[in-house]
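In what follows, a structure is listed as structure tokens, so that the remarks can point back to it.
Values quoted throughout were computed directly from the atomic coordinates according to the rules given, and no laboratory measurement underlies them. The shown structure was predicted, so the numbers you read here are calculated from the model rather than taken from an experiment. Neighbour counts run over all protein chains shown; Cβ positions are idealised from the backbone, glycine included.
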Amino acid sequence: MSFSFSPGIGPRSAIEQFGQEPKDGRYFDKGVVKGMLAFVRPYRRKMLAAILFMLFATGFTLLTPYLIKIAIDEHIAIGDAAGLTRLAVIIAVCYLGLYITTAGQEYYLGWVSQRVLADVRATLFAHLQRLSLSYHDRTIIGVTVSRVINDVAAINDLLTQGLITLIGDLLVLVGIIAIMLSMSPQLALYTFAVLPLMIVATIWFSRSAQGVFRLTRKRVAALVGNLAENINGMRVIQAFAQETAVENQFDEVNDANRRAHVEAMRLSFIFLPTIEFLGVLATAVVLYFGGRAVAADQVTLGVMVAFIAYVTRFFQPIQELSRIYTTMQSAMAGGEQVLKLLATQPDVVDAPDAAEMPPVTGAIELEKVSFRYRADSPEILHQVSLAIAPGQTVALVGPTGAGKTTVANLIARFYDVSHGRVTIDGLDVRTVTQASLHRQFGLVPQDPFLFAGSIADNIRFGRAEATLDEVKAAAQLANAAEFIAALPDGYETKILEGAVNLSVGQRQLLCIARAALVNPRILMLDEATASVDTVTEVLIQQALERLMHGRTAIVIAHRLSTIRNADVICVLADGRIVEQGSHDELMAQSGLYRDLVERQYGKWESVNP
């Protein structure tokens with residue numbers, strides 16, 4: 001099976017790598033572990049080194065009690081001081097070897113663990129970028145963050161730490177059983193009498209833990225989601241003095257997360273002491289029956305001492321295996337969520353024969369376009385037809401929920417039409433690659449979004465190779481150069497998270513500069529002046545007029561005064577274009593457009609004397 005770690009494997013190949021889509025939440029061979037091993041494959045040499053160190057460590061673990069048995073029976077019992085000295089040195093070397101090999105194993109496992117962790121998260125992030133906007137519309141940001149951070153970490157713990165430890169522990173168990181049977185089959189059988197109790201305890205724990213650990217993953221995701229939502233909405237929370245109510249809501253989610261983890265811990269705290277008790281019980285069995293056997297000269301003292309040492313080591317791997325099982329349950333629960341995410345298919349995908357869209361003139365046409373977000377949801381647009389000539393400015397207006405933003409999103413193919421088609425320069429947007437289509441567009445959103453980084457980096461976001469002179473030219477066009485020059489570090493001024501060190505108007509001017517730098521043929525403008533003061537509105541309007549010159553522009557208008565000079569104004573209501581024409585033509589019709597204008601600004605004479 002071929003595999004690549006270039007940003008992300010495709011959603012379908014991700015499922016091929018990670019196994020089948022989740023059915024009942026139970027994974028191991030063909031699910032999480034099998035798929036994750038594909039991520040380990042590039043680092044198989046270091047994993048092999050870790051395995052070799054583990055094998056040597058296992059050998060040293062098994063050898064030392066047997067050497068102690070030899071020391072007692074063959075040297076201490078007969079007073080051979082010289083032989084005892086030699087054997088003591090050998091035992092010391094074994095313990096030193098155990099230390100070195102264990103350290104080497106941990107080093108290589110840690111190295112591979114971090115690389116795999118980074119690779120899986122990179123794959124998930126790339127997959128998230130390919131998912132359509134519809135996925136991000138319906139998924140809480142914090143839940144997605146929890147999938148990429150917490151759930152992947154749980155899987156990684158199992159893959160790089162748990163599995164190697166599992167193999168080592170199983171080898172130790174098999175080796176101890178073989179050695180104990182070879183030294184004294186009868187005493188070994190007495191020791192193994194506690195195993196049925198251990199099997200019963202393990203079965204009970206496994207059945208109880210599966211649902212509990214799946215619930216913990218869900219509760220963690222809900223907690224992170226609630227936290228992210230409240231942090232993003234902190235301004236609104238404080239503005240409405242709802243700190244107490246939101247805190248109580250968070251406390252409920254936090255408490256649910258606590259209860260889920262306490263339940264998981266309760267199971268572990270019952271199971272682990274049970275294993276410890278059985279270990280102590282087995283030691284007592286060895287002391288009783290072994291002591292009687294020594295007294296009857298059936299076994300040597302060295303054999304009994306070695307048995308006690310082996311019993312102690314026998315139950316240590318079992319305790320470790322129980323911890324690994326806990327890790328496995330958590331990883332399987334996290335893997336279930338990761339698999340669901342990787343199984344999610346984009347609603348908008350490139351056709352198998354999709355071609356690169358060449359540079360366009362900007363002729364756009366919607367042909368009897370209908371749209372619904374899901375097959376079971378109501379239709380948003382109904383048989384919408386619209387032709388936009390190259391270089392035209394078309395404004396989309398109408399009441400809230402009329403379908404203005406939906407029309408713009410369909411033109412940019414953020415969503416696919418349900419019926420009809422959208423063409424640009426005669427090419428159906430579904431027949432070209434999304435990347436080449438989006439390169440034809442420039443976006444100026446209503447809520448300006450800037451990334452953490454410098455002002456220059458934000459302006460050149462769509463053209464990383466742009467020179468500083470080109471960045472300055474774009475800022476000049478956007479009327480942003482003056483305020484940037486007044487900043488202490490100019491174009492290297494760092495933008496804080498959320499761009500809180502800039503005003504809304506300044507952010508919008510930078511968004512205009514960002515759009516100008518990519519020199520798009522088609523502009524999408526979502527009322528860029530909706531949240532600014534009058535002075536800034538003038539600056540933005542001037543910048544937009546320069547930006548729109550010679551380009552096809554689609555303007556989603558909320559302030560109707562800003563689109564009076566548009567070539568065509570399309571009035572939408574209930575998912576249909578009900579009026580279409582210039583500002584003057586629509587005002588003369590005394591229809592919905594005129595009604596909207598008069599509701600905003602009063603009678604026609606008051607806004608157009």
* Helix-only mean residue ellipticity at 222 nm for the chain, each DSSP H run of n ≥ 4 adding -39500 (n - 2.57), per residue, nearest 500 -> -19500 deg cm²/dmol
* Asked: What angle, in degrees between 0 and 90 and rounded to the nearest 10, separates the Cα long axis of helix 243-295 from the longest principal axis of the Cα atoms of the chain?
  -> 20
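Taking N as the number of residues in region 176-285, what is its Cα Rg relative to 2.2 N^0.38 Å?
Against the compact-globule rule of thumb, the ratio is 1.81.
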* To do: Could you go through region 476-487 in sequence order and give the Karplus-derived ³J(HN,Hα) for each residue, using 6.51 cos²θ - 1.76 cosθ + 1.60 with θ = phi - 60°, rounded to whole Hz, and x for Gly and Pro?
  => 5, 4, 8, 6, 9, 4, 5, 6, 5, 4, 7, 6
* Quick one: Cα centre-to-centre distance for region 240-269 and region 566-580, in angstrom? -> 49
* To do: Post the alpha-carbon centroid distance, region 473-511 to region 81-151, in whole angstrom.
  => 43
* Given charges at beta-carbon only (K, R positive; D, E negative), |dipole| of the chain in Debye -> 1460
* Where Rh is the Kirkwood radius over Cα pairs, Rg/Rh for region 450-519 -> 0.91
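Taking only C-alpha pairs under 8 Å that are 6+ residues apart, what is the relative contact order of the chain in percent?
Computed value for the chain: 14 percent relative contact order.
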* Percent relative contact order of region 450-519, based on C-alpha pairs within less than 8 angstrom and at least six residues apart? -> 51
* For the chain, just the Cα set please: Rg and Dmax, both in angstrom. => 34.6, 121
* Relative contact order for region 94-224: what is it in percent, counting Cα pairs under 8 Å that are at least 6 residues apart? -> 38
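Which order do the peptides 518-526, 100-108 come out in when sorted by mean C-beta neighbours inside 10 angstrom, highest first?
518-526, 100-108
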